[in-house]
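The values are calculated or read from the model by the stated rules, or taken from the named source; none is laboratory data. Note that the coordinates shown come from a computational prediction; the quantities given were computed from them, not determined experimentally. No Cβ is skipped: glycine too gets one built from the backbone with ideal geometry, and neighbour counts run over all protein chains shown. Side chains included, ligands, DNA and RNA excluded: accessible areas come from the protein's heavy atoms. Shrake-Rupley method; radii C 1.70, N 1.55, O 1.52, S 1.80 Å.
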Amino acid sequence: MPSGQAPKVIALTLSVLAGGAIVSGYIREMVLASTFGAGTIADAYLSVMTVARLVCDIGPSAVLLAGVVPVMSSLSNNSAKAMGRVFLVTVGVTLTATSLLAVALYLLMPMVLTVLGPGFDEPAHSAAMAMSRGIVWFLPLQSATVLFSLFLNSQGRFTGAAAAPLLANFAFIGVLLATESYAPVGRLWMATLLGPGLTAFFLGLQCWRMGLFVAGASD
């Protein structure tokens, strides 16, 4: 990290972004509650989203957190092409594995909901299954966001990753406020996917500008 004033500026920026993420997360929950209240739709969404987040956190996100930064930091003195090759292989494996995991989660969702929501009636169960068709794709999108964040962190670029939760929360809020005429199920899965989709795009763009999307021969 640079010496002098730069670390203080970075620390202050990260603190502001972290505070913004907390506040925007609270606003997100308030908007969700005020839009759908406490009922079938809210219960179904929270159940499906909890499962998706749990699977993502203990699966791909945990693996990436354990491996990406140490590996990329060790390659910091290598060529850009060598780093790019590791980056592209990691991206490909992550997206393939998490997409398969999303399909598997959708197939298993009826059984999971039976265990986690034994009191669900037929409308709630049907709504949860309808939501899960879209929400399971939170896994590859969120995993891509985590992956790009970690690659940027390993190169000393922290601001983009710190801003990701803020962007995701406001995207969620924006979709809910702008789609009042849409069916509740569609509104919720669009709101859920837009945030990680946007953050993955913008963080991936930063990685592209760093030259990481260029592969070279293996050392």
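Would you kindly state the longest site-free stretch of the chain, with sites defined as chymotrypsin sites (Phe, Trp or Tyr not before Pro) in a DSSP loop (not H, G, I, E, B) surrounded by at most 15 other Cβ atoms within 10 Å?
Excluding the exposed sites themselves, the longest stretch runs over 1-181.
Can you give me the solvent accessible area of SER79 with a 1.4 Å probe, rounded to the nearest 10 Å²?
Answer for SER79: close to 70 Å² accessible.
Measuring with a 1.4 Å probe in the full set of protein chains, what accessible area per residue, in whole Å², belongs to the chain?
The answer is 51 Å² per residue.
Heavy atoms only, probe 1.4 Å: what % of the accessible area of the range 56-138 goes to carbon and sulfur, would you let me know?
71 percent
What figure, in Å² to the nearest 10, do you get for the accessible area of MET190 with a 1.4 Å probe and non-protein molecules left out?
Around 60 Å² of this residue is reachable by solvent.
What's the carbon and sulfur percent of the range 155-211's accessible surface, probe 1.4 angstrom, rounded to a whole number?
68 percent
Taking springs between alpha-carbon atoms closer than 10 angstrom, which of ALA38, ALA18, ALA171 fluctuates most in the Gaussian network model of the chain?
Of ALA38, ALA18, ALA171, the most mobile in the Gaussian network model is ALA38.
Report, in order of residue number, the helices in the chain meeting two criteria: a C-alpha extent of 15 Å or more along the helix axis, and a mean Kyte-Doolittle hydropathy of at least 0.5; treat each whole DSSP H run as one helix.
Numbers: long enough: 5-36 (46 Å, 1.12); 40-56 (24 Å, 1.35); 62-74 (19 Å, 2.02); 80-116 (49 Å, 1.75); 122-135 (19 Å, 0.05); 138-154 (24 Å, 1.28); 159-178 (28 Å, 1.77); 184-209 (38 Å, 0.77).
Helix filter hits for the chain: 5-36, 40-56, 62-74, 80-116, 138-154, 159-178, 184-209.
Applying 1/(1 + (r/R0)^6) with R0 = 30 Å to the Cβ-Cβ distance of VAL71 and ALA33, what FRET efficiency is obtained, to the nearest 0.05?
0.15
Under 8 Å for C-alpha pairs, at least 6 residues apart: give me the relative contact order for the chain, rounded to a whole percent.
Relative contact order of the chain: 35 percent.
Once the dipole of the range 1-118 is set up with Lys and Arg at +1 and Asp and Glu at -1 on Cβ about the Cα centre, which of LEU88, PRO60, ALA38 lies farthest towards its positive end?
Going by the Cα projections, it comes out as LEU88.
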